[in-house]
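The values are calculated or read from the model by the stated rules, or taken from the named source; none is laboratory data. Since the structure is predicted, the reported quantities are computational estimates derived from the model, not experimental observations. Because the Cβ atoms are built from the backbone with ideal geometry, glycine has one as well, and the counts that use them run over all protein chains shown. These accessible areas exclude ligands, DNA and RNA; they are computed on the full protein's heavy atoms, side chains included. Shrake-Rupley method; radii C 1.70, N 1.55, O 1.52, S 1.80 Å.
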Amino acid sequence: MSAVLETRALSKSYGRFVANSDINLTIATGARHALIGPNGAGKTTLVNLLTGVARPTSGEVLLDGKTITQLSQHERVKRGMTRTFQINTLFPRLTVLQSIMLALCEREGLAARLFAKVPRSGPLFDEALRLLESLRLLPFADTVTREMPYGRQRLLEIGLGLASRPRVLLLDEPAAGIPAGESQEVFEVIAGLSRDVTVVFIEHDMHLVFRFAERITVLVAGSVLIEGTPAEIADDARVREVYLGEAVND
Ligand SMILES: Nc1ncnc2c1ncn2[C@@H]1O[C@H](COP(=O)(O)OP(=O)(O)O)[C@@H](O)[C@H]1O
Ligand SMILES: [Mg+2]
């Protein structure tokens, strides 16, 4: 197995409070890897440490075997790791296609022509259409973002993340705040992404986790309790005890 993303003895404290403790994570290239655990377990903190939003108190983050612990968020994006934008960073008045074109222009270092007409030809336009197709958003290319259901807005956020051509995509609760029927589709799209993109996601809905994850890491009180396949996690007595209860076999 080749690991695209690893952490070594990664820890993060806020004052005396330990949010992440001695986390050794290995994310296989191409994996769909879930981080689960009770509220406050440290999942978002871990994603923040991976993406450079927060700096660890100690330990290392490695991308392709090289340490990136000291790199800024922006530098990590350039190395191929990105996370989804939050919903409020969408441009509510722009169309889906305009938004994606902006993100592609930004990646290429081209001046963002916010108020100019989006070009309807050329390699970036073709790339935008391919991206929209993979997100099932092609029929909504000319729809104004704020007029779409939340589930499709979430897909657009994922699209904005994908516009940087990441090899690793981190999603913090991509289904949060959207109706159940729509969250299913969000995960189907994620599952259908190219295997060139490794996906690490935090998700509370165990049905989605067990359906879409190939590996699961369970965090409890800042530490890794267990890491394994969905079957291994579902069978683990400690997981049932501390977190899942009877939800695993619902
Ligand atoms: N910037 C911060 N300052 C102080 N405490 C924080 C900060 N960020 C997170 N925490 C604490 O760390 C713990 C883990 O939070 P978080 O990583 O958001 O958990 P999860 O995403 O698993 O619900 C929580 O108790 C939270 O209050
Ligand atoms: Mg969280």
Q: Any chance you could count how many residues in the range 127-153 are free of Cβ contacts under 8 Å to residues at least 40 places away in the same chain and open to solvent by less than 10 Å² (accessible area, probe 1.4 Å)?
A: 3
Q: Return only the number of the condition from (1) within 14 Å of ligand 2 (Cβ to nearest atom); (2) under 26 Å from Leu131 (Cβ atoms); (3) at pLDDT 95 or above; (4) in contact with a Pro (Cβ under 9 Å, 6 or more places away or on another chain) that Leu219 does not satisfy.
A: (2)
Q) So which of Leu5, Leu35, Leu10, Leu49 is under 29 Å from Gly177 (Cβ atoms), touching a Pro at 6+ places or on another chain (Cβ under 7 Å) and part of a strand (DSSP E or B)? A) Leu10
Q.
Criterion first (over 19 Å from Ser11 (Cα atoms) and away from ligand 2 (no atom under 16 Å from the Cβ)) does Gly59 satisfy it?
A. no
(Q) Which condition from (1) within 13 Å of ligand 2 (Cβ to nearest atom); (2) open to solvent by 10 Å² or more (accessible area, probe 1.4 Å); (3) touching a residue at least 24 places away in the same chain (Cβ under 8 Å) is the one that Asn39 breaks? (A) (3)
**Q.** Gly151 out of contact with any Asp or Glu (no Cβ under 6 Å at 6 or more places or on another chain) and within 30 Å of Arg130 (Cβ to Cβ)
**A.** no
(Q) Give all pairs with beta carbons closer than 9 Å in which a residue from the range 198-222 that is at positive phi meets a residue that is crowded, with 19+ Cβ neighbours inside 10 Å and basic (Lys, Arg); count only pairs at least 6 apart in sequence or on separate chains. (A) Gly222/Lys12
Q. Restricting the search to the range 174-208, which residues are out of contact with any Gly (no Cβ under 9 Å at 6 or more places or on another chain), within 14 Å of ligand 2 (Cβ to nearest atom) and closer than 19 Å to Leu5 by Cβ?
A. Pro174, Val200, Phe201, Glu203
Q: Sort through Ala54, Ala3, Ala31 and tell me the only one that's within 16 Å of ligand 2 (Cβ to nearest atom) and either under 18 Å from the mean Cα position of the chain (by Cα) or buried (at least 19 other Cβ atoms within 10 Å of the Cβ) (or both).
A: Ala54
Q. Here are some residues: Ile158, Ile202, Ile216. Which one is closer than 27 Å to Asn20 by Cβ and out of contact with any helix residue (DSSP H, G or I) (no Cβ under 6 Å at 6 or more places or on another chain)?
A. Ile158
Q: Name the single residue, out of those in the range 42-51 being open to solvent by 20 Å² or more (accessible area, probe 1.4 Å) and within 6 Å of ligand 1 (Cβ to nearest atom), that is nearest to the chain's Cα centre (by Cα).
A: Thr44
**Q.** Lone unmet requirement of (1) open to solvent by 70 Å² or more (accessible area, probe 1.4 Å); (2) touching a Gly at 6+ places or on another chain (Cβ under 8 Å) for Leu10
**A.** (1)
Q: Go through (1) open to solvent by 50 Å² or more (accessible area, probe 1.4 Å); (2) in contact with a Ser or Thr (Cβ under 9 Å, 6 or more places away or on another chain) and name the single condition Glu75 misses.
A: (2)
